[in-house]
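My questions all concern the structure below.
The values are calculated or read from the model by the stated rules, or taken from the named source; none is laboratory data. Here the structure is a predicted model, which is why all the values come from computation and not from measurement. Cβ sites come from the backbone with ideal geometry, for glycine too, and all protein chains shown count toward neighbours. Areas reflect the complete protein model, heavy atoms only, side chains present, ligands, DNA and RNA absent. Shrake-Rupley method; radii C 1.70, N 1.55, O 1.52, S 1.80 Å.
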Amino acid sequence: MGSPPALTAGLVILVTQALLGVVIGLTLFLLLLKTWRIMSRGREEKWRTLLIPILEEYMSASGEVPSKFLEASRQAPVIVQYMLVYRSFGLSGAPLIAISWLYEELGFVERDLKRMRSWFWWVRAEGARCLGQMKSRAAKPALLRALSDRILEVRLLAAWSLGRLGDPDV
């Protein structure tokens with residue numbers, strides 16, 4: 001004995017409407033996500049355009065922390081932090097020391113040390129990478145502890161970071 005045709009047709013319509021609602025909801029979510037990404041890229045570009053000349057001037061003069069950097073590090077800390085990390089690639093000597101000092105002065109070393117205590121391995125790994133890239137001596141104890149992390153990627157980045165510090169006693 002089968003179900004009445006009206007009940008089956010009603011159920012099919014209900015399921016179809018539910019699936020259509022899910023598809024429309026996911027589409028709207030993806031559109032909002034795309035819009036947010038486009039807007040945040042524009043914001044990031046605005047900050048970079050403003051701060052790169054100031055950073056280059058700071059690196060050549062190595063004086064006080066530029067006030068624009070203090071303001072930017074409060075308003076867009078992630079953008080400023082990664083701008084400093086990426087700008088430090090390939091540098092050595094006085095320019096790297098200047099950027100590393102600025103990185104520490106703006107509180108990013110402390111932020112990375114907090115990331116080294118995260119529950120998420122990828123956050124710990126990124127914290128170790130940033131600390132190593134900036135050659136932060138204050139990070140040495142945390143990096144040594146990270147050598148016994150249960151996740152291989154964290155241990156590898158901690159070892160790389162300790163190698164970047166260049167301390168012979170490690």
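Could you estimate the translational diffusion coefficient of region 30-125 from the Stokes-Einstein equation, with Rh from the Kirkwood formula over C-alpha pairs, at 4 °C and 1.567 mPa s, in whole µm²/s? List each step's numbers first, then the result.
Numbers: Rh = 14.6 Å.
Approximately 89 µm²/s, per Stokes-Einstein.
Pulled fully out, how much extra length does the chain show between Glu104 and Leu156, if you take 0.36 nm times their separation in residues and subtract their Cα-Cα distance?
Values: separation 52, 0.36 × 52 = 18.72 nm, distance 2.32 nm.
Going from the current span to full extension adds 16.4 nm.
Another question, if that's okay. With a 1.4 Å probe and every protein chain left in place, work out the accessible area per residue of region 129-170 in Å², rounded to a whole number.
Values: 2250 Å² over 42 residues.
Value returned for region 129-170: 54 Å² of accessible area per residue.
Related question: Going 7 Å from the Cα of Thr35 toward and past its Cβ, which residues in region 73-102 have a backbone nitrogen under 18 Å from where you end up?
none
Could you give the nm distance between label points at Lys140 and Ile24, where each point is 7 Å from its Cα heading toward the beta carbon?
6.3
How do 47-59, 19-31 rank on mean C-beta neighbours within 10 Å, highest first?
Details: 47-59: 15.1, 19-31: 10.0.
The most tightly packed comes first, giving 47-59, 19-31.
Take every Cα-Cα pair in region 113-170 and report what % of them are more than 19 Å apart.
Details: 211 of 1653 pairs.
That tail contains 13 percent of the Cα-Cα pairs.
Just the number, please: carbon plus sulfur as a percent of the accessible area of the chain, 1.4 Å probe, no ligands or DNA/RNA counted.
Working: 7250 of 10990 Å².
Of all accessible area on the chain, carbon and sulfur atoms account for 66 percent.
Given N residues in the chain, what is Rg(Cα) / (2.2 N^0.38 Å)? List each step's numbers first, then the result.
Working: Rg = 24.5 Å, N = 170, 2.2 N^0.38 = 15.5 Å.
Working it through for the chain, the quotient is 1.58.
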